[in-house]
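So the structure is just underneath, and the comments pick up after that.
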Amino acid sequence: MSSRVPTSSNESWEGDQQVMSMFLDKKAELKAEQAAYVADHPELTAIVNDFMQHVLLNKPDDCFQAAAEFFGTYAEKLNVQTPESS
């Protein structure tokens, strides 16, 4: 695979058919890999759905803090070392 990079600001990778083709091929490859991973790990979909429901029901002001608390409960249940518990 070529590692061609545009040589000037006037040259856009989006206008280069070969580079665009490589981009679209890689995009399709990653999409297929990611879909296979999600299919192999149904717990991922379940936990993301649970988190979204938690956020939408509780409407926290700080979604990052809500995520830390939500996923922190899973870490505690699994005895996973978290940065805060170190």
When you scan region 23-32, do you find a residue that is open to solvent by 80 Å² or more (accessible area, probe 1.4 Å), at pLDDT below 95 and touching a helix residue (DSSP H, G or I) at 6+ places or on another chain (Cβ under 9 Å), even just one? yes
Within region 26-62, the residues that are within 19 Å of Thr73 (Cα to Cα), in a helix (DSSP H, G or I) and acidic (Asp, Glu) are Glu43, Asp50
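Starting from residues that are of a type in the set (A, V, I, L, M, F, W, C) and surrounded by fewer than 10 Cβ atoms within 10 Å (Cβ to Cβ), keep the ones in region 33-85 and report whichever is modelled with the lowest pLDDT.
Taking region 33-85 and keeping what is of a type in the set (A, V, I, L, M, F, W, C), we get 35-36, 38-39, 44, 46-48, 51-52, 55-57, 63-64, 66-68, 70-71, 75, 78, 80.
Next, from what is left, pick out any that are surrounded by fewer than 10 Cβ atoms within 10 Å (Cβ to Cβ): 56-57, 64, 78.
Details: Leu56: 97, Leu57: 97, Phe64: 94, Leu78: 80.
By that ranking, first place goes to Leu78.
The values are calculated or read from the model by the stated rules, or taken from the named source; none is laboratory data. Just so you know, these numbers come straight off a predicted model, no measurement behind them. FYI the Cβ positions are ideal-geometry reconstructions off the backbone, even for glycines, and counts take in every protein chain you see. What goes into the accessible areas is simple: the full protein's heavy atoms, side chains included, and nothing from ligands, DNA or RNA. Shrake-Rupley method; radii C 1.70, N 1.55, O 1.52, S 1.80 Å.
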